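No value in this document is a laboratory result; all are computed from the given coordinates. Remember, it's a predicted structure, so these values are computed and weren't measured experimentally. Cβ: placed from backbone, ideal geometry, glycine included. Neighbour counts: every protein chain shown.
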Amino acid sequence: MRRSPRARRWRLEVPWGEPARLTAPRSMSRVEVHELLRDKRTWIEEQRRRQVPRLGLEGLAVSESAARIAARELVSALAEEEAGRLGVAYRRIRIGGQRTLWGSCSPAGTLSFNWRLVLAPVDVLDYVVVHELCHLRVPNHSRRFWGLVEWRRPHWREQRDWLREHGAELLAFKASE
Ligand SMILES: [Zn+2]
């Protein structure tokens with residue numbers, strides 16, 4: 001449990017493979033915290049039950065530096081090919097390790113990708129790269145944006161669904177070195 005001077009209300013998270021985390025505002029009393037945890041016990045257990053590993057990543061020895069190199073190579077090759085077709089130019093590619101994010105695109109043209117994407121099916125990594133490149137043309141998630149994604153990857157929904165289903169498990173993956 002963590003007290004936050006900025007939090008206006010409590011927030012309870014159950015991250016994959018980590019203890020549940022409660023962020024509580026300073027105004028919340030100890031009694032209130034205990035009551036909340038008691039009330040939410042079933043909910044926490046339910047979240048845990050859903051966190052069943054299905055990707056076969058347990059016990060997989062992956063070096064983060066090697067995975068980052070592999071991610072950079074794959075992402076660069078895909079981005080180079082697709083940027084031409086989309087008529088966009090990016091400035092650079094960054095490989096990051098955010099625990100919450102697959103990819104992002106800055107207005108300055110930096111594309112960032114999570115190295116854990118190399119552990120996903122290659123079509124999923126490909127979709128994330130195309131998604132971020134499309135943002136260079138349309139910075140939001142408007143109908144026009146999805147039209148662009150659909151033009152380049154007609155089956156993008158399958159990849160999005162894969163990320164929805166397995167994303168939390170993959171983001172929680174920790175490298176062995
Ligand atoms: Zn997006």
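Restricting attention to region 33-97, which trypsin sites (Lys or Arg not before Pro) occupy a DSSP loop and are surrounded by at most 13 other Cβ atoms within 10 Å?
Passing both the DSSP loop test and the Cβ count: 54, 91.
Apply the Karplus parameterisation 6.51 cos²θ - 1.76 cosθ + 1.60, with θ equal to phi minus 60°, to every residue of region 104-113 and state each ³J(HN,Hα) to the nearest whole Hz, in sequence, with x for glycine and proline.
8, 9, 8, x, 6, x, 8, 9, 10, 9
So how far apart, in nm, are the two label points at residue 172 and residue 7 if each is 7 Å from Cα heading toward Cβ?
The modelled label-to-label distance comes out at 2.0 nm.
Based on the Cβ-Cβ distance of residue 81 and residue 58, what FRET efficiency does E = 1/(1 + (r/R0)^6) give at R0 = 25 Å, to the nearest 0.05?
Between residue 81 and residue 58 the formula returns 0.15.
Which FRET efficiency, nearest 0.05, do residue 66 and residue 100 yield, Cβ-Cβ r, R0 22 Å?
0.45
Please grab the % of Cα pairs in region 44-106 that end up more than 17 Å from each other.
I get 61 percent for the Cα pairs in region 44-106 exceeding 17 Å.
Return the sequence-ordered ³J(HN,Hα) values of region 83-97 in whole Hz as given by the Karplus equation 6.51 cos²θ - 1.76 cosθ + 1.60 applied to θ = phi - 60°, using x for Gly and Pro.
These are the phi-based 3J(HN,Hα) values: 4, x, 5, 7, x, 10, 10, 10, 8, 7, 10, 10, 10, x, x Hz.
Return the long-range amide H neighbours of residue 94 (sequence gap of 5 or more, or a different chain), with a cut-off of under 5 Å between placed amide H atoms.
Distant-sequence amide H within range of residue 94: 111, 112, 113.
Please find the FRET efficiency linking residue 44 to residue 108, where r is the Cβ-Cβ separation and R0 is fixed at 41 Å, and quote it to the nearest 0.05.
0.50
Find out how many positive minus negative residues lie around residue 43, taking Lys and Arg as positive, Asp and Glu as negative, among other residues whose Cβ is under 12 Å from that of residue 43.
+2
Please report, to two decimal places, log10 I(q)/I(0) for the chain at q = 0.17, 0.18 Å⁻¹ as given by the Debye formula with identical point scatterers on the Cα atoms and no solvent.
The Debye formula, applied to the Cα set alone, gives -1.06, -1.12.
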